[in-house]
Amino acid sequence: MDSLPILMKILRALPETEVVQQKSQTALRCCGHPYAALYPVSSKKAGLAIFLNERIDSQRVYAVSEPYPGRFTHHLRLEGAEQVDEELLCWLRRAAQWKRGC
């Protein structure tokens, strides 16, 4: 899937985001620290990982891990930019603020 429309919608909402293209994903960073990552899943879906200091309880999140105490990685599947709604942007803003130390 072409994840560029998803990325562009995120960047319009969070213009302070630094984008770092890596081998298998696109890292979204704030103050040099990643707060999310966009990665290909299939020809029709993209994956989005959001890094937060709290757990998100939502049916949109299909997997959550806690690699370190108080650090949660939430995985979502996106089929298009229309799924980047205010709820998802709120989670991304919270993750970016956490990385900024706010």
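Based on this model, can you work out whether Pro5 counts as assigned to a helix (DSSP H, G or I) and either among the polar types (S, T, N, Q) or surrounded by 12 or more Cβ atoms within 10 Å (Cβ to Cβ) (or both)? Explain how you work it out, then say what you get.
On the way: assigned to a helix (DSSP H, G or I): yes; either among the polar types (S, T, N, Q) or surrounded by 12 or more Cβ atoms within 10 Å (Cβ to Cβ) (or both): yes.
When the stated conditions are applied, Pro5 passes them.
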Practice problem: Find the residue count for the range 8-31, including only residues that are basic (Lys, Arg), surrounded by fewer than 13 Cβ atoms within 10 Å (Cβ to Cβ) and over 19 Å from Thr73 (Cβ atoms). | Solution: 1
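Per-residue answers, yes or no, for (1) in contact (Cβ under 8 Å) with a residue 12 or more places away in the chain; (2) farther than 15 Å from Ala96 by Cα; (3) of a type in the set (Gly, Ala, Ser):
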{"position": "Lys9", "(1), (2), (3)": "yes, yes, no"}
{"position": "Pro15", "(1), (2), (3)": "no, no, no"}
{"position": "Ala27", "(1), (2), (3)": "no, no, yes"}
{"position": "Leu48", "(1), (2), (3)": "yes, no, no"}
{"position": "Ala63", "(1), (2), (3)": "yes, yes, yes"}
{"position": "His74", "(1), (2), (3)": "yes, no, no"}
{"position": "Arg77", "(1), (2), (3)": "yes, yes, no"}
Practice problem: Just give me the residues in the range 77-101 being assigned to a loop (DSSP other than H, G, I, E, B) and not small (Gly, Ala, Ser), in sequence order. | Solution: Glu79, Val84, Asp85
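Bear in mind these aren't lab numbers, they're just calculated from the coordinates by the rules spelled out. Since we're looking at a predicted model, the values are computed, not measured. Cβ atoms come from the backbone with ideal geometry, glycine included; neighbour counts cover every protein chain shown.
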